[in-house]
Structure formats: structure tokens, C-alpha cells
Amino acid sequence: MESAERATRRLNLDPAVVREARELARRAGQPIVELARTHTTVSVERAVLRLAGLHGADPDGMPWVNALADAVGQSAGLAHGVALPVWDALLTGGYPGLAELAADAASRRARTPARRARRHRLPWPAASPRSTRSVRGGRR
């Protein structure tokens, strides 16, 4: 793949104009980037769980991603996403994997309203680095 610098030279573009265009594009896109960082939807969070490998459904046919996203939403909220609360639950709750955590969330949902779901939490501040590393696959 050709470097941006080499392509600029081959196209005979003024580097100063290219820099200015990139800066204007960055500034124009900044509000969209900020919106994406600060807003999410249930669909996006379910997709996060699917990308993490959660699949299947409970005996009633409710997808595990729905059960787990709903449980997190009810106890921790979805404003910061599902990743940190879910990986915190995996690290601190003794669950061997996402499917077992989702099954627990679904079984608790089926019980009485007072015991709907495991209390998911945003792991601030003490558990955050460990949960964050786990979400990132061990990378810092």
C-alpha cells in the first residue's frame, strides 16, 4: 500500500493544502465522533456481545445477547456500554464464560421481580484496570 506522502507527491498535490484539508475534515467530523463516543443503543450493545462470541438462546427462544443486555441495562445502565459491567461480572462472579453469565441473567429474569438479575456494575475505580484489560484481551 502506498504511503499518503508518496501519493500526495505522485498526484502533484501541495502538502500544505493536503494538511489543511485533513485538519478541516478532522474538525468537521469531530461532532460525529463525539456523538458516537457518548451515545449507544441496545442494538449496538447486543452487537458488542455478539462480537465477543455470545450466541444462542434460552429455552424460550430469547437470544442470550438480549437477556444479558437487558440485565446490564436494568442494573448498571447502558450509557457506558455492556463491556465493562459484563467483563467485571465474569472476573468477579465466577462465571466461566459469557454463555453462563447470560444463562444466569435469563434464569433470574424468569424468577420474581425482586431477584431479576445479577447486579451488574461499572467497576470504578478499583476493578477498572483489570476489567478494562480483560475487555481489551489482556492488552493495555
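A Förster radius of 41 Å, combined with the Cβ-Cβ distance separating residue 75 from residue 10, puts the computed FRET efficiency at roughly 0.15.
In terms of packing, defined here as the mean over residues of other Cβ atoms within 10 angstrom, the peptides 62-73, 16-27, 84-95, 35-46 line up highest first as 62-73, 84-95, 35-46, 16-27.
How high is the FRET efficiency between residue 30 and residue 52 when r is their beta carbon distance and R₀ equals 30 Å, given to the nearest 0.05? Working shown, then result.
Numbers: r = 29 Å, r/R0 = 0.96.
Once rounded, the FRET efficiency stands at 0.55.
Remark: spin-label model distance residue 23-residue 37 equals 2.0 nm, labels positioned 7 Å along the Cα→Cβ axis. In plain terms, the chain from residue 60 to residue 108 could stretch by 15.9 nm, reckoned as 0.36 nm per residue minus the Cα-Cα distance.
Each value in this text was obtained by applying a stated rule to the coordinates, not by laboratory testing. Computed from a predicted structure; not experimentally measured. Heads up, the Cβs are rebuilt from the backbone with ideal geometry, glycines too, and the neighbour counts pull from every protein chain shown.
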